[in-house]
Amino acid sequence: MWKNDYQRNAKTHFGRKNNVQATISSKNARYYNLPYLMGIDDDTDIAVFETAVSSKGDMTELGKYFYPTIGIMTIDVDHTDELKFDDYIAEKAKIMEGMNNQGTLILNMDDPYLSPIDTSQFKGDIITFGKDKDAIFRITDYQFDSSGMTFWIEYKQSEYKGYIPGLGEHNVYNACASAAAAAILGVDFRYALKRLSTFYHLSSHFQIIEGRKQITLVDDTWKSNPASLREGLETLCRIALPSQRKIAVLGRMAALGRYADEEYEKAGHLLGDLGIDVLITKGFIAKEFVKPAIEAGVNPNNVYHFSDVDEMKVFFDSFLIPNDIVYFKTAGVTQRSLKMSSNI
């Protein structure tokens, strides 16, 4: 059981030589459990599923359906409109109960949210990955290429080189975790990394589009939560040239509940810390980015707010200039909805 990109990476490893049943896109809600279960038959070699945790009982119910033997756990602030964060972590940890405290648990050693989880009752194998020097699958280095990430992993005293399409450090972690799962299931590690080079991302996952007039668009609008926004902004700043204006178009982050004020403040400060040149917000709630962003150094004269897409189209017609890079992280405002703009 694992989250979307981990799950899709893992499917890439197994799909060529095996009959794989897997989560479709991000369709991971409870009501998909039964159809996915019914899709497993005598010809199924491997089943790879993403688990949604948005309320109490989600992980427990899924364990009853699938009885997983391998689990990859990821945690960040999300779906906290229904759960307190401590309860959210506790629900995630129930993956071990779903595995009957057996099998193999794969954990990111660099994730601070995993450290409080009690694994003392887990009787299976715990496999670790990350940059930490003690990780079993240790990420030793990575670099940004034109459309993907080249990375190096140390495993069993040997170093392996891999490549995965898609930009951002998070893609390296996803690749490492899924390759670890493949190795546990007996796939040659070098072959597992080779298979990752054929991985394809879903649309609107940091998707780079070359617009008109030498303007670069980044469509990262699939979903907005603190983790994905942080990764998106950091990746934007890694790929932007010194000559480019970095423009962030942001909408609200969903499902934060009582943690919303804190997370908007963190995100706003990040905008300033990263040196975002222009901040554009869309929708009433997204205004919460503005104050902390200005406090952190974003020029208030370069902050704009819009209530609807049509206003933004008109604004972009006169505002965007050649060589701009525009990052979209807001539902309903993508390169598609703005395609009538003469600049996009």
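The values are calculated or read from the model by the stated rules, or taken from the named source; none is laboratory data. For clarity, every value in this text was computed on a predicted model and none was experimentally measured. All Cβ positions, even for glycine, are placed from backbone atoms using ideal geometry, and neighbour counts span all protein chains on display.
Report yes if some residue within the range 254-270 is farther than 19 Å from Asp76 by Cβ, at pLDDT below 95 and either under 21 Å from the mean Cα position of the chain (by Cα) or among the charged types (D, E, K, R) (or both); otherwise report no. Looking for residues that are farther than 19 Å from Asp76 by Cβ, at pLDDT below 95 and either under 21 Å from the mean Cα position of the chain (by Cα) or among the charged types (D, E, K, R) (or both), one finds none in the range 254-270, hence no. For the range 307-325, does any single residue satisfy the condition of being more than 22 Å from Ala255 (Cβ to Cβ), in a strand (DSSP E or B), in the same structural domain as Lys213 (by TED's automatic domain parsing) and in contact (Cβ under 8 Å) with a residue 40 or more places away in the chain? Yes, because at least one residue in the range 307-325 is more than 22 Å from Ala255 (Cβ to Cβ), in a strand (DSSP E or B), in the same structural domain as Lys213 (by TED's automatic domain parsing) and in contact (Cβ under 8 Å) with a residue 40 or more places away in the chain.
Applying the criterion of being out of contact with any strand residue (DSSP E or B) (no Cβ under 8 Å at 6 or more places or on another chain) and surrounded by fewer than 22 Cβ atoms within 10 Å (Cβ to Cβ) to the residues of the range 152-192, the residue that is nearest to Met73 (Cα to Cα) is His170. Per the listing Ser203, Ser224, the residue uniquely hydroxyl-bearing (Ser, Thr, Tyr) and buried (at least 16 other Cβ atoms within 10 Å of the Cβ) is Ser224. Restricting attention to the range 127-146, the residues being under 30 Å from Gly98 (Cβ atoms) and in a strand (DSSP E or B) number 7.
Answer yes or no as to whether Asp86 is at pLDDT 90 or above, more than 21 Å from Lys27 (Cα to Cα), acidic (Asp, Glu) and not assigned by TED's automatic domain parsing to the domain that holds Ala254. Judged against the criteria, Asp86 is not a match. Just one of the listed residues (Asp219, Asp277) is in the same structural domain as Phe319 (by TED's automatic domain parsing) and touching a Lys or Arg at 6+ places or on another chain (Cβ under 6 Å), and it is Asp277.
Asp261 - would you say it is surrounded by fewer than 16 Cβ atoms within 10 Å (Cβ to Cβ), assigned to a helix (DSSP H, G or I) and in contact (Cβ under 8 Å) with a residue 12 or more places away in the chain? So Asp261 passes the test. Looking at this structure, is Met149 part of a helix (DSSP H, G or I) and buried (at least 20 other Cβ atoms within 10 Å of the Cβ)? Taking the combined requirement at face value, the residue does not satisfy it. Just wondering, is there one or more residues in the range 260-270 that are over 28 Å from Pro112 (Cβ atoms) and in the same structural domain as Phe306 (by TED's automatic domain parsing)? No. As for the range 58-70, it holds no residue that is of a type in the set (Gly, Ala, Ser) and modelled with pLDDT of 90 or more.
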